[in-house]
Amino acid sequence: IAHTSYGNDNSYSLRLWKVGGMTVRNNTVSDSAYWDIGANNQGITFMINPPNNPNIVEYNTVTNLGRDGTCVSSKGGTSNLIVRYNRLNCDVALRIPGERLDGSTLRPGGGWKVYGNIIENSDTAGVWFGIDEALNDNSIIYNNVFIGNTNAIRIIWPVENFAPPMNNTIINNIFINGQTGIFLENRRNPDSTKTVAELLPTYASDYNLFFN
């Protein structure tokens, strides 16, 4: 799947809307940037999917989506997605957001299972939690290899009116030749401080290997 584009400053190689129980397998996705101008460049994107019938993304290669491109993501909130055995090389490999629309309708993210992937050369983030949205809790990132990422895993403590992601697990991963393994970013008032007790529930990290 290559050289695709969609109007209104968006580019979706594959967009799956309101589907459940679907498997995306054995695809090569590349070169689907919207004029490479930092617009909404997306590889495999799920939108508003039923949380009780999760989708699976496996054995795909996703690469070269241009500036600000995302390999696998959701828009409008997608829970319980399974991402496994892929090779992902984009500015953001995986983006795990929830979304609150019009200040009321909540479409949660979180609950993703991410394992057995090779995630490499991501600048903004290999795996990105948060981005000032809602309910990105209870995902597990395990048995992945992160190679050459600026921020392999990026967890955002969002602005005041959004809840931070909580109870995510990062375990048994290998981090190679990157700048930051796990980056916890505070987007609240820069004068505010957080105690260790407040930060600890965002994630648990065990049995990971970091080296250059």
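The values are calculated or read from the model by the stated rules, or taken from the named source; none is laboratory data. All figures in this text were calculated on a predicted structure; none of them were measured in a lab. FYI the Cβ positions are ideal-geometry reconstructions off the backbone, even for glycines, and counts take in every protein chain you see. Note: areas computed on protein heavy atoms with side chains; ligands, DNA, RNA excluded. Shrake-Rupley method; radii C 1.70, N 1.55, O 1.52, S 1.80 Å.
With all protein chains in place and ligands, DNA and RNA left out, the 1.4 Å accessible area ranks ILE96, ILE182 as ILE182, ILE96, largest first. Phi-derived couplings, Karplus 6.51 cos²θ - 1.76 cosθ + 1.60 at θ = phi - 60°, listed residue by residue for segment 198-205: 6, 7, 4, x, 5, 7, 10, 10 Hz, with x used for Gly and Pro. The heavy atoms of GLU185 offer some 30 square angstrom of accessible surface to a 1.4 angstrom probe. Could you list which residues have their amide H under 5 Å from that of LYS75, counting only those 5 or more apart in sequence or on another chain, with H placed in the peptide plane? Here PHE46, MET47, ILE48 satisfy the definition. Most tightly packed first, judged by the mean number of other beta-carbon atoms within 10 Å of their residues, the peptides 45-54, 65-74 read 65-74, 45-54. Solvent-accessible surface (1.4 Å probe) assigned to THR28 amounts to roughly 90 Å².
When the surface is traced with a 1.4 Å probe over the full set of protein chains, PHE210 keeps roughly 110 Å² accessible.
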